[in-house]
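So the structure is just underneath, and the comments pick up after that.
The values are calculated or read from the model by the stated rules, or taken from the named source; none is laboratory data. Keep in mind that this is a model prediction, so the values were computed, not measured. Ideal geometry is used to build each Cβ from the backbone, glycine not excepted, and the neighbour counts take in all protein chains shown.
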Amino acid sequence: MAKILIVDDSKTSRRFLRNMLEEAGHQIVGEAVNGQEGIDKYKQLKPDLVTMDITMPVLDGIEAVGEIMEYDADAKVIMVTAAGQKTNMVEALKRGAADFIQKPFESEVILKVVEKVLEE
């Protein structure tokens, strides 16, 4: 069981991820609605894994993943992206993101990515 932090400005996305990950046996230790809050909660909660939306107010997911990786080089961050954000994905991976999942969400795909990243 992994402790997971969900960072997404969409309440619907957070709820979907929370329900799906909890059903798979993981513990959701926190939720954040923007990148800055995500960084603060990461430092406070020290989760095993973070799901990070790219497009958010205040601080986007790309900046946030960079700051989390500077704080903790072993952090495991999975980016959440809408279709057509390839440039952003490449940038996020360069900054240390472990992998990414795409909206609309498919439970099977997400769980595979989560398991793979946790094993790395």
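Somewhere in the stretch 38-45, is a residue within 19 Å of residue 116 (Cα to Cα), surrounded by fewer than 23 Cβ atoms within 10 Å (Cβ to Cβ) and in contact (Cβ under 8 Å) with a residue 24 or more places away in the chain? If you could, list the steps in order and put the result at the bottom.
Here is the first cut: in the stretch 38-45, the residues within 19 Å of residue 116 (Cα to Cα) are none.
No, the conditions are met nowhere in the stretch 38-45.
Is it the case that some residue within the stretch 108-120 is in a loop (DSSP other than H, G, I, E, B) and either surrounded by 20 or more Cβ atoms within 10 Å (Cβ to Cβ) or in contact with a strand residue (DSSP E or B) (Cβ under 8 Å, 6 or more places away or on another chain) (or both)?
no
For the stretch 54-92, how many residues meet the condition of being surrounded by 15 or more Cβ atoms within 10 Å (Cβ to Cβ) and not in a loop (DSSP other than H, G, I, E, B)? Even if it seems obvious, please write down each step before you answer.
Filtering the stretch 54-92 for residues surrounded by 15 or more Cβ atoms within 10 Å (Cβ to Cβ) gives 54-56, 59-69, 75-81, 85, 88-89, 91-92.
With not in a loop (DSSP other than H, G, I, E, B) added as a condition, the list becomes 61-69, 77-81, 88-89, 91-92.
Qualifying residue count, the stretch 54-92: 18.
Residue check: is residue 101 within 14 Å of the chain's Cα centre (by Cα), closer than 21 Å to residue 25 by Cβ, modelled with pLDDT of 95 or more and surrounded by 12 or more Cβ atoms within 10 Å (Cβ to Cβ)?
On the way: within 14 Å of the chain's Cα centre (by Cα): yes; closer than 21 Å to residue 25 by Cβ: yes; modelled with pLDDT of 95 or more: no; surrounded by 12 or more Cβ atoms within 10 Å (Cβ to Cβ): yes.
Judged against the criteria, residue 101 is not a match.
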